[in-house]
Each structure stands twice: as C-alpha cells, then as structure tokens.
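Peer 1: Sharing a structure with you now.
The values are calculated or read from the model by the stated rules, or taken from the named source; none is laboratory data. Only a predicted model underlies this, so the values are computations on that prediction, with no experimental measurement involved. Note that each Cβ is placed from the backbone with ideal geometry, even for glycine, and that neighbours are counted across all protein chains shown. Side chains included, ligands, DNA and RNA excluded: accessible areas come from the protein's heavy atoms. Shrake-Rupley method; radii C 1.70, N 1.55, O 1.52, S 1.80 Å.
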Amino acid sequence: MGWLENYFEFERYDTNMRTEVLAGITTFMTMAYILFVNPQILSVAMGKGAFDSLVTVTALSAGITTIIMALYAKKPFALAPGMGLNGYFAYSVVKGMGYSWQVALAAVFVEGIVFMILSVTKVRSAIIHAIPLSQKYAVGAGIGLFLTFIGLNDIGLISATTSGGVLQFTGLHAQVLSTRAGLLFFFGLFLTGVLISMRVKGALLISILSTSVLGWITKAAPWPHTLFSTPTLSYTFMKMDIHGLLNVGALGVIFAFFMVDFFDTIGTVTGLSAKAGYLTEEGKIPDAEKILLTDAIGTTLGAVLGTSTVTTYIESAAGIEEGGRSGMTALITGALFLGIGLFIAPLAGAIPAFATAPALVIVGYYMLSALKEVDFGDHTEALPAFLVLMAIPFTYSISIGIGLGFISYTVLKVFSGRWKEVHPIMYALAVIFAAYFAYLA
C-alpha cells in the first residue's frame, strides 16, 4: 500500500490508511440517502419506468465522479446528483414549464460543458466576483424552501399546481396527519432531528431506513420483493434532446442550472477546504481549477447517463471531521457507491415517500441556514435576498428567483446612489433577465 500512501501524500497531510478508510466510509454513510431520494424525485419527471435506471445512474455518476476527484484533484470531496437541482429538474422544468425530461437532460449537459470551459479560463473568476454574496446565500436558502415544499407535497400534506409558471396552492390536507403515512413522516422527521442533534453520522440514511422498516411492518407500505438486482441504464442513457433546447425559454433553464451549480460548488468547496485546513493565508483554494473541473465533468457525465446536475456534497465534511485529508477518502467513498449503490434498485424502489420526505425537509433546513450570512441591516442587500427566497418556492422556478434577485439588487443599488457597488457583469445579467421575463410575459 506504500505507493497509495505516496500518491495521496499521507505524510504531507499527517494521515494514515486507517483514518482515510474510516473517513471514506463515514462520508458514504452520510450521503448514501441520495441513492433513494434522487430516483424518487427524478422519476416524477421521467416516469416510474425510469426508477431502476435512475438508481444505477445515481450510483454510477456519484462513484465515477468521486473517484475522479480522488485521483485527479486528490481531495476528500465526494460528488453526487445535487439536491435542489433535481427538484428543479423534475418539478419546475418538466412539470412546471412543460419541457420533456430529455430536453432537461440536454440543458444539464450544455450547462456542464459551459462549466468545464469556465473552469479552465479566467472567466470563472470574473463571474465569482460579480455576483454579490447576499444573492449567493439567498439562492441556496430559496432552494432549501423549495425542497421542503417538495417533501411536504410528497406525503400529501399540501398540494399545488403550476399555471403560467406561477405556483397555485390547491389545499392543505390536515387529515394526512392522522394516517399511518403521516404519522410515520413525523416519526422520521423527529428521528432525524434527534440524530443530527446528537451528531450521529449518517442521520438521514438511518432515518430513511428505520422509517421504511417501520412502514413495512405496519403495512403502510409493501415490503421489497428482493433487495438486489442487475444494474441497468436502458431508460436514461444518452437520451438528451439537444434540438429541443433551441428556444429562448430553454436558455433560461440552462442559465439557472449553471448559476446554481457554479455558486453552490464554489461555496461548498470553500467551506470544505476551510474545514480541512487547505485555504492559504490569502483565502485561496489550492487546486481549485482541478476541483471545479471535476465537478463540471461530473455534471456532463451525469447528463449522458441520465441524471440532473452532479455536484460536490457538503456532506463530505463528515469524512473530513473523521480525519480524512487526502484523495484516499474520496476513493473509498466512490468505491462504495459503485460496490453497493449499483445493485440496490429493488430496495430503493420499496422506500416509501413518507420515509424520504423527512430527508427533503431536513436538507431544506440545512440550506436555509445560509441566510444568516445576509446583512439585514442593509436593505439594498436584504430585500433582493428576500425576493429570491420568496420567489423560488412560490414560482417553482430557480431561474425566476435568480432573475428577480439580480434585477432588484441592481435597481436598488442604482436608485440609492450606490451604483458603483454593482459589478458591470451584474448590469448585463439584470438586462438579460429583464428581457427573459418580457419574453415569458
């Protein structure tokens, strides 16, 4: 094993094989819930027949991309189809805007290509500096509320439809609370809350599996007929409809996928690098281009295989907390996704919605916490952030939320006499979004 220790620079990071392996297992346990949740969300758009393929795609895209991160960037960061963007893919782009899931996959593919180009050019830095921090935080928080809404909708507690891209509530179904599914949802929600409060590793996964077993025992959901099966990609592989992207509306979809992926990755990688002690005195991230390029490759590969945007997971912090400092941690995590995730489609298919809905709510809670970084003492920062937070869940559209935030931020800064605080790129983006909204009208 000496060559692995040399390759991953164990001595430099003051780590060892046992620590790295345990850290990799910890990261996998913490984010393995995506193997159950992602197929459930995307099958809403692709149909139930896609479920088995989506389990395979989720495991394959997560495993391959995480291994690339391990071998190329040599960082303990794991990747998988991103929460929030999978909801945007299914509920907003396909169900809300009416695009086919094949067109949505094409949008993800193009976004990945754009991300790859920007990751190897200086344009990346220009865009990072152009978008104000308050907008970056607000988008993440807005997506958190979006996920929470999806979770509550999945169990039937609330329901809504979209008309003209606007969310319309159709009911609050309190009677759900007295059903076995409703009671098990709250059991899973409180169990997850207790576990994360106790800092138990893999809290979401433990909650999903525990709630599912309880649901099977109480006959709230049928038992799985079998646990393992042969992987399949037949439903989703290479099903992108590039031609369907040739309209103005689809460009907004591509832009929304790109914006969220790009800045979510920047924020996640910065946070993970700080936790691992990688940041330089100037606050720079070593090998940032390699990390971002790996993320972009994952998105492009994921679209080819048949899933929404693949991105770096903040849950990687669990492995870093256990002492993981090198690419060996990511190598173990990726290997577990391939070794376990590829074969559990029957088990994943038997996981009921009331078991995964609590995970969506809790992930929404995690993402909403980013809002604390917004300066609410400055109305030119806080009000646009609030508009983003409101618009994303209420319109079922991340792109509308981003556009409303960019336009309001620019307008408020200009008319308050603080136009110099607005980066030139933000002016251009505000104009582009204004034209996009005019097109939608």
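Peer 1: Within the range 285-382, considering only helices (runs of 4 or more DSSP H) that don't extend past its boundaries, which have at least 2 residues that are hydroxyl-bearing (Ser, Thr, Tyr) and open to solvent by less than 10 Å² (accessible area, probe 1.4 Å)?
Peer 2: Working: elements: 288-305, 316-321, 327-340, 345-350, 353-368.
It comes to 288-305, 327-340.
Peer 1: Another question about this same structure. Restricting the search to the range 96-128, which residues are among the β-branched types (Val, Ile, Thr) and either modelled with pLDDT of 95 or more or under 20 Å from the mean Cα position of the chain (by Cα) (or both)? Show your work before the answer.
Peer 2: To start, the set of residues in the range 96-128 that are among the β-branched types (Val, Ile, Thr) comprises 103, 108, 110, 113-114, 117, 120-121, 123, 127-128.
Those that are among the β-branched types (Val, Ile, Thr) and either modelled with pLDDT of 95 or more or under 20 Å from the mean Cα position of the chain (by Cα) (or both): VAL103, VAL108, VAL110, ILE113, VAL114, ILE128.
Peer 1: Residues of the range 407-438 being touching a residue at least 40 places away in the same chain (Cβ under 8 Å), farther than 16 Å from ALA126 by Cα and in contact with a Pro (Cβ under 8 Å, 6 or more places away or on another chain), which ones?
Peer 2: Listed by number, the list holds a single entry, TYR409.
Peer 1: Another question about this same structure. State which residue pairs qualify: first residue within 18 Å of THR26 (Cβ to Cβ) and inside the range 196-214, second residue among the aliphatic types (A, V, I, L, M) and not in a helix (DSSP H, G or I) in any location, beta carbons under 6 Å apart, and separation of 6 or more residues or different chains.
Peer 2: Final answer for the pair search is LEU205/ALA32.
Peer 1: Continuing with this model, one more query. If I filter the range 76-97 for residues that are within 29 Å of ILE402 (Cα to Cα), touching a Gly at 6+ places or on another chain (Cβ under 7 Å), open to solvent by 20 Å² or more (accessible area, probe 1.4 Å) and not in a helix (DSSP H, G or I), do I get at least one hit?
Peer 2: yes
Peer 1: Further question: Give the number of residues within the range 262-284 that are of a type outside the set (A, V, I, L, M, F, W, C) and not in a loop (DSSP other than H, G, I, E, B).
Peer 2: Here is the first cut: in the range 262-284, the residues of a type outside the set (A, V, I, L, M, F, W, C) are 264-265, 267-268, 270-271, 273, 275, 277-278, 280-284.
Remaining after also requiring not in a loop (DSSP other than H, G, I, E, B): 264-265, 267-268, 270-271, 273, 275.
Number of matching residues: 8.
Peer 1: Could you check how many residues of the range 11-35 are open to solvent by 10 Å² or more (accessible area, probe 1.4 Å) and either part of a helix (DSSP H, G or I) or hydroxyl-bearing (Ser, Thr, Tyr) (or both)?
Peer 2: Filtering the range 11-35 for residues open to solvent by 10 Å² or more (accessible area, probe 1.4 Å) gives 11-19, 21-22, 25-26, 28-30.
Restricting the remaining residues to those that are either part of a helix (DSSP H, G or I) or hydroxyl-bearing (Ser, Thr, Tyr) (or both) gives 11-13, 15, 17-19, 21-22, 25-26, 28-30.
Of the residues in the range 11-35, 14 are open to solvent by 10 Å² or more (accessible area, probe 1.4 Å) and either part of a helix (DSSP H, G or I) or hydroxyl-bearing (Ser, Thr, Tyr) (or both).
Peer 1: Filter the range 20-63 down to residues that are among the polar types (S, T, N, Q) and at positive phi, then give me how many there are.
Peer 2: Step one: filter the range 20-63 for residues among the polar types (S, T, N, Q), giving 26-27, 30, 38, 40, 43, 53, 56, 58, 61.
So of that shortlist, the ones also at positive phi come out as none.
Residues that pass the stated criteria total 0.
Peer 1: Go through ILE113, ILE67, ILE41 for me and flag whichever is closer than 23 Å to ILE340 by Cβ, open to solvent by 30 Å² or more (accessible area, probe 1.4 Å), in contact (Cβ under 8 Å) with a residue 12 or more places away in the chain and out of contact with any His (no Cβ under 6 Å at 6 or more places or on another chain).
Peer 2: Values: ILE113 fails: closer than 23 Å to ILE340 by Cβ; ILE41 fails: open to solvent by 30 Å² or more (accessible area, probe 1.4 Å).
Result of the check over ILE113, ILE67, ILE41: ILE67.
Peer 1: Take the conditions of a type outside the set (Gly, Ala, Ser), open to solvent by 10 Å² or more (accessible area, probe 1.4 Å), part of a helix (DSSP H, G or I) and more than 30 Å from LYS95 (Cα to Cα) and apply them to LEU4. Does it pass? Before you say what the answer is, go through the steps one by one.
Peer 2: Values: of a type outside the set (Gly, Ala, Ser): yes; open to solvent by 10 Å² or more (accessible area, probe 1.4 Å): yes; part of a helix (DSSP H, G or I): yes; more than 30 Å from LYS95 (Cα to Cα): yes.
The answer is yes for LEU4.
For every residue, the table says whether it meets (1) surrounded by 19 or more Cβ atoms within 10 Å (Cβ to Cβ); (2) within 22 Å of the chain's Cα centre (by Cα); (3) of a type in the set (A, V, I, L, M).
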position: ILE217; (1), (2), (3): no, no, yes
position: PRO224; (1), (2), (3): no, no, no
position: PRO231; (1), (2), (3): no, no, no
position: SER234; (1), (2), (3): no, no, no
position: PHE237; (1), (2), (3): no, yes, no
position: ILE242; (1), (2), (3): no, no, yes
position: ASN247; (1), (2), (3): no, no, no
position: GLY252; (1), (2), (3): yes, yes, no
position: ALA256; (1), (2), (3): yes, yes, yes
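Peer 1: I'd like the residue in the range 258-281 that is of a type in the set (Phe, Trp, Tyr) and within 19 Å of PHE433 (Cβ to Cβ) and, out of all such residues, is surrounded by the most Cβ atoms within 10 Å (Cβ to Cβ). Show your work before the answer.
Peer 2: The first filter runs over the range 258-281 and keeps only residues of a type in the set (Phe, Trp, Tyr), leaving 258, 262-263, 278.
Filter once more, so that each one left must be within 19 Å of PHE433 (Cβ to Cβ): 258, 262-263.
On the way: PHE258: 23, PHE262: 25, PHE263: 20.
In this case the residue turns out to be PHE262.
Peer 1: Every residue in the range 298-328 that is under 20 Å from VAL120 (Cβ atoms) and either touching a Ser or Thr at 6+ places or on another chain (Cβ under 7 Å) or without any contact (Cβ under 8 Å) to a residue 12 or more places away in the chain (or both), please.
Peer 2: GLY298, THR299, LEU301, GLY302, THR309, VAL310, THR311, THR312
Peer 1: Could you list, in sequence order, all residues of the range 129-148 that are over 16 Å from SER408 (Cα atoms) and either open to solvent by 10 Å² or more (accessible area, probe 1.4 Å) or not in a helix (DSSP H, G or I) (or both)?
Peer 2: Matches in the range 129-148: HIS129, GLY140, LEU145, THR148.
Peer 1: Checking VAL374 against (1) modelled with pLDDT under 90; (2) under 30 Å from SER212 (Cα atoms), which test does it fail?
Peer 2: The number of the failed condition is (2).
Peer 1: A follow-up question, please. Can you pull out the residues in the range 231-274 that are of a type in the set (Lys, Arg) and touching a strand residue (DSSP E or B) at 6+ places or on another chain (Cβ under 7 Å)?
Peer 2: Residues of the range 231-274 of a type in the set (Lys, Arg): 239.
Matches in the range 231-274: none.
Peer 1: Report whether or not TYR396 is free of Cβ contacts under 8 Å to residues at least 60 places away in the same chain and of a type in the set (Phe, Trp, Tyr). Working first, answer last.
Peer 2: Details: free of Cβ contacts under 8 Å to residues at least 60 places away in the same chain: no; of a type in the set (Phe, Trp, Tyr): yes.
In short, no.
The rows are residues; the columns are (1) closer than 18 Å to MET97 by Cα; (2) hydroxyl-bearing (Ser, Thr, Tyr); (3) buried (at least 16 other Cβ atoms within 10 Å of the Cβ).
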residue	(1), (2), (3)
PRO393	yes, no, yes
SER399	yes, yes, yes
LEU404	yes, no, yes
SER408	no, yes, yes
LEU412	no, no, yes
ARG418	no, no, no
ILE425	no, no, no
ALA428	no, no, no
